[in-house]
Amino acid sequence: MAGCIALIAHDEKKDDMAEFARQHQDALSRFRIIATGTTGGRVQGACPGLEVTRLKSGPLGGDQQIGAMIATGEVDMLLFFIDPLTALPHDVDIKALTRLATVYDIPMALNRATAEKLIDFQ
Ligand SMILES: O=C(CO)COP(=O)(O)O
């Protein structure tokens, strides 16, 4: 196993994430995949062969769970398709997660274009 990738997408970006996962299923299958609840469900639906560990939904603590796993060294890359045009009730959790990914210096893509580059390097 090449490491662990965390996948998260806000609602307006979930179609993009499902398509991204389908397109890069071979590359993703070399990693342990974790995801927030709803995103993980969409990825599993798009890629039935891919094993995905689904955590809590983002607004219910999923971002924080992934942040904690980053702090304990369990996550090697974060692919987080954020929606900058919608106000979200758990904005503080999102900020905390991106902060921890920065503190622990793990590769982090906040949009699909960057995720395409990162996954190509794997
Ligand atoms: O809200 C999220 C990340 O901030 C994503 O959570 P879901 O994948 O459960 O929708």
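The values are calculated or read from the model by the stated rules, or taken from the named source; none is laboratory data. Quick caveat: nothing in here was measured; it's all calculated off a predicted structure. All Cβ positions, glycine included, derive from the backbone under ideal geometry; neighbour counts span all protein chains shown.
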Discussion item. Cβ-Cβ distance below 6 Å, separation of 6 or more or different chains: which pairs start in segment 21-42 with a residue that is touching a residue at least 24 places away in the same chain (Cβ under 8 Å) and within 22 Å of G62 (Cβ to Cβ) and end on one that is part of a helix (DSSP H, G or I) and within 8 Å of the ligand (Cβ to nearest atom)?
Written reply: T36/G58; T36/G62; G37/G62; R42/K14
Discussion item. Give me the residue from segment 64-104 that is without any contact (Cβ under 8 Å) to a residue 12 or more places away in the chain and part of a loop (DSSP other than H, G, I, E, B) and, out of that set, surrounded by the fewest Cβ atoms within 10 Å (Cβ to Cβ).
Written reply: A87
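Residue check: is L110 among the hydrophobic types (A, V, I, L, M, F, W, C), within 12 Å of the ligand (Cβ to nearest atom), surrounded by 14 or more Cβ atoms within 10 Å (Cβ to Cβ) and over 22 Å from Q122 (Cα atoms)?
No, not satisfied.
Would you check if D76 is among the acidic types (D, E), closer than 22 Å to V103 by Cα and away from the ligand (no atom under 12 Å from the Cβ)?
yes
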Response to the item:
Matching residues in segment 1-16 (within 10 Å of T39 (Cα to Cα) and over 12 Å from the mean Cα position of the chain (by Cα)) number 2
Worksheet item: Quick one: is A27 within 13 Å of the ligand (Cβ to nearest atom) and not in a loop (DSSP other than H, G, I, E, B)?
Response: no
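Among the residues of segment 39-73 satisfying the criterion of being among the aliphatic types (A, V, I, L, M) and near the ligand (Cβ under 10 Å from one of its atoms), which is nearest to K13 (Cα to Cα)? Reasoning before the result, please.
Narrowing segment 39-73 to residues among the aliphatic types (A, V, I, L, M): 43, 46, 50, 52, 55, 60, 66, 68-71.
Keeping just the survivors that are near the ligand (Cβ under 10 Å from one of its atoms) gives 43, 55, 60, 66.
Details: V43: 12, L55: 18, L60: 18, I66: 19 Å.
Ranking the candidates gives V43 first.
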Response to the item:
Among the residues of segment 1-24, the number that are of a type in the set (G, A, S), modelled with pLDDT of 95 or more and part of a loop (DSSP other than H, G, I, E, B) is 1
Item to complete: All but one of (1) at pLDDT 95 or above; (2) of a type outside the set (D, E); (3) farther than 14 Å from F20 by Cβ hold for A87, so report the exception by its number.
Response: (1)
